[in-house]
Amino acid sequence: MKLSKITILSFLAGVACALTSCLGDGEQRQTIPFNYTDCFNVVTDLSTAKSEVRLSPTYQIVVDLISGTADVTMTNISLPGVTGALSLKLEGLKYTFDKRGNYTISGRDLVPTGSAASYYTFSSLSIMFVDRQFNEQGARIPAYYINYVLNNTTQVNVVGTSNYYFGETTVNSVDGGAPYSTYETYYTVQLDPQSMLANIGFHSARFADKMPVSLNFTLRDMPFTVNTQGYRIIKADATTPYLNNTTPNPAYDITNLSVNGVSSKGATFEFDCNPNEMGNYHVVAPVEWLVYRAQLEQ
């Protein structure tokens with residue numbers, strides 16, 4: 001199975017980073033910050049099922065490799081009916097690695113430290129994250145999932161503003177040609193929680209073996225909605241992409257676009273296209289944080 005260099009490096013460098021970035025400082029600790037520009041909260045009142053976007057939270061996870069525990073600090077947490085922003089900290093949480101190499105932290109009925117202990121209990125907490133790096137010199141772009149319920153009344157799902165997805169893209173010819181699949185294409189979704197608009201990037205896109213070159217293009221200013229699991233982007237009518245993020249080209253219009261982002265896993269992209277009159281295609285891509293080793297061995 002062929003796999004793009006960028007995806008292999010993101011996997012290998014991510015593992016290396018997770019194991020070594022904290023070594024040599026004398027404490028064997030790794031700090032993973034998610035700042036207010038990196039994410040936003042989707043807060044759901046469980047009694048009404050109403051979800052709202054709350055801006056500018058920050059999360060910091062400090063992993064102790066010696067004890068196998070992690071401290072989780074949350075600041076600027078805004079909740080319905082609560083005046084002011086909350087700061088919450090959980091200490092000494094056990095972490096493990098799942099079969100794909102992701103850090104995982106979970107628990108129930110967890111009590112935060114400090115004065116918050118008198119008012120709040122984490123009825124449930126689920127955290128998963130992995131370090132990623134696109135190449136040896138590239139920026140680190142961790143992927144993460146943070147979801148928790150406070151006092152059995154309020155659910156908070158953390159949604160990243162910059163999302164990178166990898167995996168298999170399958171292209172079916174509506175005109176009867178043979179299906180085509182590739183792991184070369186990867187996707188980015190940049191979410192702006194203030195405007196509720198997204199930019200969707202398609203990288204190294206190829207829809208058939210006969211395409212002479214792969215394409216990089218962007219769909220700009222796409223409205224999105226949020227839910228308890230992540231976000232959705234749906235647009236049935238034609239959307240004109242910007243090739244190489246600069247030039248709109250209606251010859252590559254996309255229709256029936258659906259992006260279902262699930263914070264705990266990845267996203268599913270589905271759309272129709274007729275790139276430069278080469279044929280009608282239906283594209284489906286259930287993509288994830290990384291191309292995992294099990295997929296390589298298929």
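Could you give me the ³J(HN,Hα) list for the stretch 269-284, computed from phi with Karplus coefficients 6.51, -1.76, 1.60 and θ = phi - 60°, whole Hz, x at Gly and Pro?
9, 8, 6, 10, 7, 9, x, 6, 6, 7, x, 8, 10, 10, 10, 10
Tell me, what HN-Hα J-couplings in whole Hz come from the Karplus equation 6.51 cos²θ - 1.76 cosθ + 1.60 at θ = phi - 60° for each residue of the stretch 215-232, using x for Gly and Pro?
For the stretch 215-232, the Karplus-derived couplings read 10, 10, 8, 10, 9, 9, 6, 8, x, 9, 10, 10, 8, 5, 9, x, 8, 9 Hz, x marking Gly and Pro.
Suppose we look only past 23 Å in the calculated P(r) of the stretch 99-238. What percent of the Cα-Cα pairs does that tail hold?
Of all Cα-Cα pairs in the stretch 99-238, 54 percent lie more than 23 Å apart.
For the stretch 159-242, what D do you get in µm² per second when you plug the Kirkwood radius from alpha-carbon pairs into Stokes-Einstein at 4 °C and 1.567 mPa s?
Answer, rounded: 91 µm²/s.
Within the set Lys210/Lys265; Lys50/Lys265; Lys99/Lys210; Lys50/Lys94; Lys235/Lys265, which residue pairs have Cα atoms separated by over 28 Å?
Those over the limit are Lys210/Lys265; Lys99/Lys210; Lys50/Lys94.
To the nearest 500 deg cm²/dmol, what mean residue ellipticity at 222 nm is calculated for the chain from DSSP H runs of n ≥ 4 alone, each contributing -39,500 (n - 2.57), summed and divided by the residues?
Computed ellipticity for the chain at 222 nm equals -2000 deg cm²/dmol.
What's the magnitude of the charge dipole for the stretch 43-156 around its Cα centre, counting Lys and Arg as +1 and Asp and Glu as -1 at the beta-carbon? Answer in Debye, nearest 20.
180
Which of the trypsin sites (Lys or Arg not before Pro) found in the stretch 203-298 are loop residues per DSSP with 15 or fewer other Cβ atoms within 10 Å of their Cβ?
The qualifying sites are Lys210.
Using the C-alpha gyration tensor of the stretch 200-285, what are the square roots of 5 times its eigenvalues, in whole angstrom, with the largest one first?
23, 14, 12
For the chain, find the longest principal axis of its Cα atoms and tell me its angle to the long axis of helix 5-20, 0 to 90°, nearest 10.
Its long axis makes an angle of about 10 degrees.
Roughly what would the spin-label model give for Glu270 and Ser47, points 7 Å off Cα along C-beta, in nm?
3.7
Please list, in order along the stretch 252-262, the HN-Hα scalar couplings obtained from phi with the Karplus expression 6.51 cos²θ - 1.76 cosθ + 1.60 (θ = phi - 60°), rounded to whole Hz, x for Gly and Pro.
Along the stretch 252-262, the couplings run 10, 4, 10, 10, 6, 6, 9, 10, 10, x, 10 Hz.
Rounded to the nearest percent, how much of the accessible area of the stretch 117-192 (1.4 Å probe, protein heavy atoms only) is carbon and sulfur?
44
The values are calculated or read from the model by the stated rules, or taken from the named source; none is laboratory data. Every value quoted in this text rests on a predicted model; they were computed, and no experiment measured them. Positions of Cβ are backbone-derived with ideal geometry, glycine not excepted, and every protein chain shown enters the neighbour counts. Accessible surface is based on the protein model in full, side chains and every heavy atom, while ligands, DNA and RNA are left aside. Shrake-Rupley method; radii C 1.70, N 1.55, O 1.52, S 1.80 Å.
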